[in-house]
Every structure is written in structure tokens, then in C-alpha cells.
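Undergrad: Next up is a structure, given as C-alpha cells.
Bear in mind these aren't lab numbers, they're just calculated from the coordinates by the rules spelled out. Being a predicted model, the structure only gives us computed values, none of them experimental. Every residue, glycine among them, receives a Cβ derived from its backbone with ideal geometry; neighbour counts consider all protein chains shown.
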Amino acid sequence: MPPDLPASTLRLQVDGAALTANWRALDRLSGSANTGAAVKADGYGLGIDLALPPLIKAGAREFFVAHFSEVPALLDHVAPAQVAVLHGPADAGQAAFAAASGIVPVINSVRQAQLWAEAGGGPCHLMVDTGINRLGLPMGALGDPAIAALEVDVLMSHLASADEDAALNALQLERFRGLAATVPARRRSLANSAGIALGTDYAFDLTRPGLSLYGGIAREELSDVIAPVVSLQAQVLQLRDLSAGDGVGYNTIFTAQRPMRAATVSLGYADGFLRSRGPGGTLLFEGETLPIIGRVSMDLTVVDASAANALKEGDFLDIPFDLPTVSAQCGLSQYELLTGLGRRFLRQAG
Ligand SMILES: *Cc1c(COP(=O)(O)O)cnc(C)c1O
């Protein structure tokens, strides 16, 4: 037996109370609709075991993942019938898995409807494309006998531009209303996080927020009601004194203009801290801003620590993670910032 692992040099704290509060805020904005939760990509990078309990505590009962491989982690927390797989069955093996496990497949095509029927069928969701042209049944295929034979629980569609004031939003709403009037289904669902902020016209029977559960501001209207959930810290491995003319990091893209103190931090692009967060970006020590100098590398990032007199090797720095602000600074989307968080962060409730 190897000894117990020492503490990690990278910490990711999930504020469960904020996650619970965010779900409840989105549920209120969903009016009379039920509110589910998109927990694909390991709960948007937080880790399923930390993301699910606060959502269940809040009242969430329906959970969406993208892949079948994501199902087992959810079944430690919820019953199979509470889990829907957005990508649907890609082959007979996946359809058989859905049938045997009791999870709910989302049917996105005539072929998937046939695979589901061949696997024995049963309640499923049906995703119809109303304008995103990504994954989902084309409206023209609704008359196919394999679709007509489905036992549809939730009739779904997905908004392409809910985060903007695009004319497409109203058009997709109108098309979805048309579907809701003609396609037999127990319930209807259109809105993601941004769609919830468009108003209760978009809510129907079930909403499917993801990003804003985890602190993302999908639309400006949500900035007052959504709280940050994730906070990140990385440890200083080494302090060094640079002389004027010393270059830092790969390709020495930074050169010290004067003597200065630099801190080398256990954080890199393998942790989801991509190179676009380098020059112009910062880390924080007790509220003091420490500019990043040189290239972010796979495991290491260097900051100018001249302003942090008290900083010692072994101290932890805060990694800025206000999602809309960081997104605007580095050009990554709020979704990419969350789902890119690497495996080396020690994820803890806190
Ligand atoms: C990811 C996803 C959601 C959640 O979207 P957010 O923008 O993160 O709120 C909802 N529905 C579908 C089909 C999705 O793929």
C-alpha cells in the first residue's frame, strides 16, 4: 500500500450553499415550470459528487448528461429514471444500456428512434431542432412512423442564441409552440440558463439550466441573482529574485526591466489555466494583484510578486474566477473556463 497522498498544491472549493441558492433562483424565474439541472461534463467541471448533493437539496429531480459514460457517477446519487442522456443512443449497445439501466434516452433522429424501439423502447425524451441545426430531429421528419411510435415524456428543443437579443429566439419560441400543439408528449422543455432569463414564455413545463447553476452569468439579467460557486487556489513553489535583463519562462517572452521578486506557482494549462490567461492576467495574494509574467506552461505559472512582501514559499494564491470578468479578459467562454478545470485540482466542499 502506498502511503496516503499529501495535500494537493491546487484547490477547488465548491460553495454548496451558493449552488443550492442558484438552482432555487432559476427555479423561481422558471415560474410554474419544474427546473432540472444540466450536469454534463462532470457537473461543468465541479465534480459530480460535489455538484449533485446541493442540487438535490435544492429540489432538483431531473438531471441531464451528454454521454452514457457519465451515467454511473450520477447513479450514486439519484435513481436511473431521473437521468437523461442528451446525445441519445448512437448504436444498439447504447440503446440496450439505456433500456437495461432505466435511464431516459433523448431521441435526436429517426435512426435513434429505431434503435430505441429495437431495444424494447419505453418512455424517452424527443429533441426536435427548431433552428440551432446541431443535434436533434429535423421538423420535417416528425411524420416518420418511428417518431410517431415513440412514447415521449419531454418534447425538447434547444435555443441557439438565448444569450443575445436575437430575432431567432422569438422564432424558435414560435416554432416550439407549434410543435407543442401537435406532437404528443407529456411535457415540454425549451429553456437553458439564458432561456430562463428570457422570461416565463420560454419555460413551458421543464427548464434545463446548466451554466448559471455553477455561477455563470448567461445573460446580464442574471447577474443580480446568481452567486459564484467555484473558488480556486494554487500554491507558490518557489520565490526568486530577478535581476534586470533576466528572462522568464519558455521563449523568455518577459524580461525584467529592474530587480524584482517573482513567484513560481503550481498552475498551468494542464489544469485548465490556458495560455490566454497569461500576459495581462493576474493571481492574487491577500487581495493584492500579482501580474503574470512570461508564458503559462503545462504545470507552472510565474507572477511578479514585488508587491507582496509577506508572500512565502508554500503560501496559496487565489486564482481569479469571476466568470464573466475572466471570460472577457482571456477570450474563453464561461463554459470553457468551468469545464476546462483540470483533474489535478483537489475538489472540496467549502
Ligand atoms: C448543455 C445544455 C443545457 C444547459 O445549457 P446552459 O447554457 O449551460 O444553461 C440545456 N439543454 C441542452 C440540450 C444542453 O445541451
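Undergrad: From A100, A113, which residue is more than 16 Å from the ligand (Cβ to nearest atom), without any contact (Cβ under 8 Å) to a residue 12 or more places away in the chain and farther than 18 Å from R177 by Cα?
TA: Among A100, A113, only A100 is more than 16 Å from the ligand (Cβ to nearest atom), without any contact (Cβ under 8 Å) to a residue 12 or more places away in the chain and farther than 18 Å from R177 by Cα.
Undergrad: Looking at segment 123-137, I want the residues that are in contact (Cβ under 8 Å) with a residue 12 or more places away in the chain and have a partner that is among the aromatic types (F, W, Y) with Cβ atoms under 7 Å, at least 6 apart or on another chain. Which pairs are those?
TA: Correct list of pairs: C124/W116; T130/F176.
Undergrad: Still on this structure: Can you tell me how many residues within segment 182-216 are away from the ligand (no atom under 11 Å from the Cβ) and either polar (S, T, N, Q) or closer than 16 Å to D165 by Cα (or both)?
TA: 6
Undergrad: Provide a single number: the residues in segment 221-240 that are out of contact with any strand residue (DSSP E or B) (no Cβ under 8 Å at 6 or more places or on another chain) and crowded, with 17+ Cβ neighbours inside 10 Å.
TA: Selection size over segment 221-240: 2.
Undergrad: Oh, and also: Which condition from (1) within 28 Å of L198 (Cβ to Cβ); (2) crowded, with 19+ Cβ neighbours inside 10 Å is the one that A17 breaks?
TA: (2)
Undergrad: Which of the residues spanning segment 57-83 are under 16 Å from the mean Cα position of the chain (by Cα) and more than 14 Å from K40 (Cβ to Cβ)?
TA: Selection gives nothing.
Undergrad: So, one more: For segment 1-75, please list each of the helices (runs of 4 or more DSSP H) lying entirely inside it that holds at least 1 residues being of a type in the set (V, I, T) and more than 16 Å from the ligand (Cβ to nearest atom).
TA: Here the list reads 16-29, 48-58.
For every residue, the table says whether it meets (1) of a type in the set (A, V, I, L, M); (2) out of contact with any Ser or Thr (no Cβ under 6 Å at 6 or more places or on another chain); (3) farther than 24 Å from I107 by Cβ.
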site: A33; (1), (2), (3): yes, no, no
site: A37; (1), (2), (3): yes, yes, no
site: L46; (1), (2), (3): yes, yes, yes
site: P54; (1), (2), (3): no, no, yes
site: K57; (1), (2), (3): no, no, yes
site: V71; (1), (2), (3): yes, yes, no
site: V83; (1), (2), (3): yes, yes, no
site: H87; (1), (2), (3): no, yes, no
site: A90; (1), (2), (3): yes, yes, no
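Undergrad: Against the condition within 16 Å of the ligand (Cβ to nearest atom) and either closer than 26 Å to L341 by Cα or out of contact with any helix residue (DSSP H, G or I) (no Cβ under 9 Å at 6 or more places or on another chain) (or both), how does V229 come out, does it pass?
TA: When the stated conditions are applied, V229 passes them.
Undergrad: Now for a separate question. What are the residues in segment 27-44 that are surrounded by fewer than 22 Cβ atoms within 10 Å (Cβ to Cβ) and not hydrophobic (A, V, I, L, M, F, W, C), if any?
TA: Residues satisfying the conditions are D27, R28, G31, S32, N34, K40, D42.
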